[in-house]
1. Does B:ALA84 satisfy the criteria of being at pLDDT 95 or above, out of contact with any helix residue (DSSP H, G or I) (no Cβ under 6 Å at 6 or more places or on another chain) and aliphatic (A, V, I, L, M)?
2. Taking segment B:60-111 as the region of interest, how many residues are among the polar types (S, T, N, Q) and farther than 27 Å from A:ALA56 by Cβ?
3. Any residue that is assigned to a strand (DSSP E or B) and either buried (at least 17 other Cβ atoms within 10 Å of the Cβ) or of a type in the set (Phe, Trp, Tyr) (or both) - is there at least one of those in segment B:95-104?
4. When you scan segment B:36-45, how many residues do you find that are at the interface with chain A (Cβ under 10 Å from one of its Cβ atoms), buried (at least 20 other Cβ atoms within 10 Å of the Cβ) and assigned to a strand (DSSP E or B)?
5. What do you reckon, is A:VAL11 within 19 Å of B:SER41 (Cα to Cα) and either more than 10 Å from chain B (Cβ to nearest Cβ) or in contact (Cβ under 8 Å) with a residue 12 or more places away in the chain (or both)?
6. Residue by residue through segment B:55-86, note down the ones that are assigned to a strand (DSSP E or B) and acidic (Asp, Glu).
7. Among (1) more than 9 Å from chain B (Cβ to nearest Cβ); (2) not in a helix (DSSP H, G or I); (3) not basic (Lys, Arg), which single condition is A:GLU87 missing?
8. Condition check: within 20 Å of A:SER9 (Cβ to Cβ), within 11 Å of the chain's Cα centre (by Cα) and not basic (Lys, Arg). Does A:PHE39 satisfy that?
Amino acid sequence: GAVVSQHPSWVICKSGTSVKIECRSLDFQATTMFWYRQFPKQSLMLMATSNEGSKATYEQGVEKDKFLINHASLTLSTLTVTSAHPEDSSFYICSARDGSGRKNTEAFFGQGTRLTVV
Amino acid sequence: DAKTTQPTSMDCAEGRAANLPCNHSTISGNEYVYWYRQIHSQGPQYIIHGLKNNETNEMASLIITEDRKSSTLILPHATLRDTAVYYCIVLVTGGGNKLTFGTGTQLKVEL
């Protein structure tokens, strides 16, 4: 299957600082990428849909000014957690679909980024 | 997208078939059934998907009932590495369609 790579795999940052997480589709072009957050023992919660060349669409309750999403190319989307606080500590996961025009395609996921804010 | 219902957890002996059920009684005609799994602390992994015909690939088989209101994911010879949370998701496919995850089924494969 196609490969989606996230970087970093884990990060520890101080409260009040910002952290950027990258999501790359390595062998296909992704017009749309998705960002999820997962707290311990819970399911994945969709945060936002990232569209190449346009503004991201955020799910209800997700602060767009806190979670900045940029999808500047067909293979890269970034999520920046601004002014991070301990409650932002979570597992962040991105996914992407092949935007080649084929329908009925599966989404591929990155390996996730473990963020710990201290 | 239609809602799905899965058992919270299941156990399976290694080497035996693992049959994971999913109910999606409100599925509409253009919605596909997707299965993903998530091994602890990793991103979800695509397993299989289908519309109305049964599907098989190198990982699993997907059996969809004729009325499409339920489906079963079959891992023919479960191994310890198949221990994971399995998610059944239904949605209309397309480049921008988002996957909405429920609680899934925690499958534990034991010796």
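The values are calculated or read from the model by the stated rules, or taken from the named source; none is laboratory data. Computed from a prediction, not measured in an experiment: that's the story for all the values here. Cβ: placed from backbone, ideal geometry, glycine included. Neighbour counts: every protein chain shown.
1. The answer is yes for B:ALA84.
2. Let us first name the residues in segment B:60-111 that are among the polar types (S, T, N, Q), namely B:61, B:65, B:70-72, B:79, B:83, B:93, B:97, B:100, B:103, B:105-106.
The next check asks that each one be farther than 27 Å from A:ALA56 by Cβ; those that pass are B:61, B:65, B:70-72, B:79, B:83, B:105-106.
Looking only at that region, the number is 9.
3. Filtering segment B:95-104 for residues assigned to a strand (DSSP E or B) gives none.
No, that holds for no residue.
4. Our first condition is that a residue be at the interface with chain A (Cβ under 10 Å from one of its Cβ atoms); within segment B:36-45, this holds for B:36, B:38, B:41-45.
Pick out the ones that are also buried (at least 20 other Cβ atoms within 10 Å of the Cβ) and you get B:36, B:38, B:43-44.
From what's left, assigned to a strand (DSSP E or B): B:36, B:38.
Total satisfying the criteria: 2.
5. Details: within 19 Å of B:SER41 (Cα to Cα): yes; either more than 10 Å from chain B (Cβ to nearest Cβ) or in contact (Cβ under 8 Å) with a residue 12 or more places away in the chain (or both): yes.
Yes, satisfied.
6. Just the residues of segment B:55-86 that are assigned to a strand (DSSP E or B), to begin with: B:55-56, B:61-64, B:70-75, B:84-86.
Correct list: B:GLU55 only.
7. With (1) more than 9 Å from chain B (Cβ to nearest Cβ); (2) not in a helix (DSSP H, G or I); (3) not basic (Lys, Arg) applied to A:GLU87, the lone miss is (2).
8. no
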